[in-house]
């Protein structure tokens with residue numbers, strides 16, 4: 001500990017001793033607040049690590065972290081991943097971040113919780129780009145703000161979105177086939193609203209699938225039915241049988257990168273599935289939103305011009321905070337898709353559509369996306385290096401890996417044990433339908449907002465759990 005750090009710790013100790021009694025975390029928060037108000041802890045002061053301050057004050061690291069979190073929530077302190085916790089300055093308090101993670105939870109051992117529940121992308125310049133784009137849009141004349149948006153008003157943003165997706169083989173496509181949505185989840189709901197008919201329509205989904213498929217179907221009073229899979233994705237024979245038996249109207253699938261297993265459906269299997277869909281009159285919704293790489297083969301929209309729908313977003317490559325996605329209909333059904341958006345919410349707010357057009361047309365944005373992909377690949381490689389001795393499915397183009405647990409571990413117990421060690425992962429049950437079987441497996445998200453060294457420590461904690469199943473430990 002440096003001399004400066006000792007001075008700060010001693011200052012906090014003196015402030016703490018002068019406080020009234022009460023819960024220790026509240027007493028410490030009050031002491032820090034007083035020190036900042038009195039100028040004893042000026043803006044920019046780096047506070048001691050939770051372990052060191054906890055030892056000095058005679059309390060657990062978790063208690064210190066709780067006090068820090070209270071003041072971070074009040075915008076008094078600034079927690080920066082990998083750097084520490086600082087007293088905010090006036091300028092920092094006055095300029096809120098557009099995209100800011102909430103306070104991180106504290107594990108039983110006092111460490112900050114590392115969430116690997118889902119993939120998280122780091123800020124590699126996109127926050128600055130969004131701010132600059134907002135400033136440009138705010139400076140423009142805005143006559144459209146006094147009118148309800150029209151389809152014509154969205155044309156520039158739709159064309160930019162198509163250009164953004166130019167590497168994806170979508171078949172013949174026009175910007176009027178595309179609807180801007182509030183993220184991919186909203187796009188999925190819009191497609192279902194455009195396709196599904198009847199009192200209790202059936203939607204087919206992969207036996208393990210993105211939970212948003214099931215949730216969107218249930219909101220529309222549709223019945224989701226799981227389709228068995230193998231190492232290449234959905235089994236065509238099972239698909240044909242279920243589509244006919246249930247008179248299914250829609251199949252929801254993620255063939256470019258299956259969520260959660262990272263299975264990639266090869267072109268020949270896609271063609272078999274397309275043949276089944278054509279023979280059964282089954283629409284296919286292809287969700288591309290978790291795939292971080294370049295397109296490998298034709299989409300179902302290209303293979304099935306009358307039955308193929310496509311959904312994607314910028315959440316996994318640029319920012320999830322803007323809630324912007326794209327839904328693309330078959331040419332003959334674009335009016336149905338547009339009607340679902342217009343009847344539901346009149347389309348995106350025009351300033352948001354203008355922001356999308358500005359951001360996605362800039363070369364700097366594509367450079368940032370490449371950097372995000374590279375950072376994700378680095379975290380995937382690190383995970384594989386640490387967990388490679390276990391049954392792991394992975395791809396550098398996926399924001400997660402899929403881990404089958406060794407004998408002795410059940411998914412729920414493993415998730416609880418991992419959380420007790422300060423690591424949050426997602427159980428296979430979350431990806432199965434309500435009464436369906438789920439394997440003993442977990443999905444581990446690539447959290448690029450955590451420094452690599454801290455991320456690797458979290459993965460090492462998981463490996464130690466995997467190497468020591470419940471026969472040897474109590475969970």
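A short reminder: the numbers here are calculations on the coordinates, not readings from a lab. Note that this is a predicted model, so its numbers are computed, not measured. Glycine gets a Cβ as well: all are built from the backbone with ideal geometry, and neighbour counts include every protein chain shown.
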### Message
For the chain, take the convex hull of the Cα atoms, compute a quarter of its surface area, and give me that in nm², please.
### Response
25.9 nm²
#### Entry: Centroid-to-centroid separation of the range 335-350 and the range 403-475 [C-alpha atoms, Å]
40 Å
### Query
Where a ≥ b ≥ c are the square roots of the eigenvalues of the C-alpha gyration tensor, would you call the range 365-466 rounded, which needs a/c under 1.5, or, failing that, prolate if a/b is larger than b/c, or oblate?
prolate
### Query
If you average the sequence gap of Cα pairs under 8 Å that are 6 or more apart and divide by the length of the range 143-361, what percent do you get for the contact order?
30 percent
### Task
Just subtract the alpha-carbon distance of residue 21 and residue 343 from 0.36 nm times their residue separation and send over the number in nm, one decimal.
110.1 nm
### Query
Shape call for the range 143-361 from the C-alpha gyration tensor, a ≥ b ≥ c root eigenvalues: rounded (a/c under 1.5), prolate (a/b greater than b/c) or oblate?
prolate
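Using DSSP, restrict attention to beta bridges with both residues in the chain and report what percent are antiparallel, rounded to the nearest 5.
60 percent
Between residue 134 and residue 55, what FRET efficiency comes out of the Förster formula 1/(1 + (r/R0)^6) with R0 = 30 Å and r the beta carbon distance, rounded to 0.05?
Details: r = 45 Å, r/R0 = 1.49.
So, using R0 = 30 Å, E works out to roughly 0.10.
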### Query
Relative to the present Cα-Cα distance, how much length would full extension add between residue 297 and residue 416 at 0.36 nm per residue of separation?
38.9 nm
### Task
Enter the per residue convex hull volume of the range 313-362, computed from alpha-carbon coordinates, in Å³ rounded to the nearest integer.
93 Å³
### Task
First measure r as the distance between the Cβ atoms of residue 14 and residue 46, then evaluate 1/(1 + (r/R0)^6) with R0 = 30 Å and state the FRET efficiency to the nearest 0.05.
0.95
### Residue order, fewest to most surrounding Cβ atoms within 10 angstrom, among 209, 297
297, 209
### Task
Calculate, in nm to one decimal, what residue 167 and residue 244 gain on full extension: separation in residues at 0.36 nm each, minus their alpha carbon distance.
24.3 nm
#### Entry: Degrees, to the nearest 10: 411-420 long Cα axis against longest axis of the chain
30 degrees
### Task
Return one number: the angle in degrees, 0 to 90 and rounded to the nearest 10, between the long axis of the Cα atoms of helix 350-360 and the longest principal axis of the Cα atoms of the chain.
90 degrees
### Message
Quick check: from the Cα gyration tensor, does the range 3-96 come out rounded (a/c under 1.5), prolate or oblate?
### Response
rounded
### Query
How would you rank 190-196, 436-442, highest first, on the average number of other Cβ atoms within 10 Å across their residues?
190-196, 436-442
#### Entry: Pairwise label distance in nanometres, residue 223 with residue 362, each label 7 Å out on the Cα-Cβ vector
5.0 nm
## Note on the structure
Taking R0 as 45 Å and r as the Cβ-Cβ distance between residue 331 and residue 378, the FRET efficiency 1/(1 + (r/R0)^6), rounded to the nearest 0.05, comes to 0.65
### Task
Quickly work out the residue 434-to-residue 200 label distance, labels modelled 7 Å from Cα along the C-beta direction, and quote it in nm with one decimal.
1.2 nm
## Note on the structure
For the chain, averaging the sequence separation of alpha carbon pairs under 8 Å that lie six or more residues apart and dividing by its residue count, the contact order in percent is 18 percent
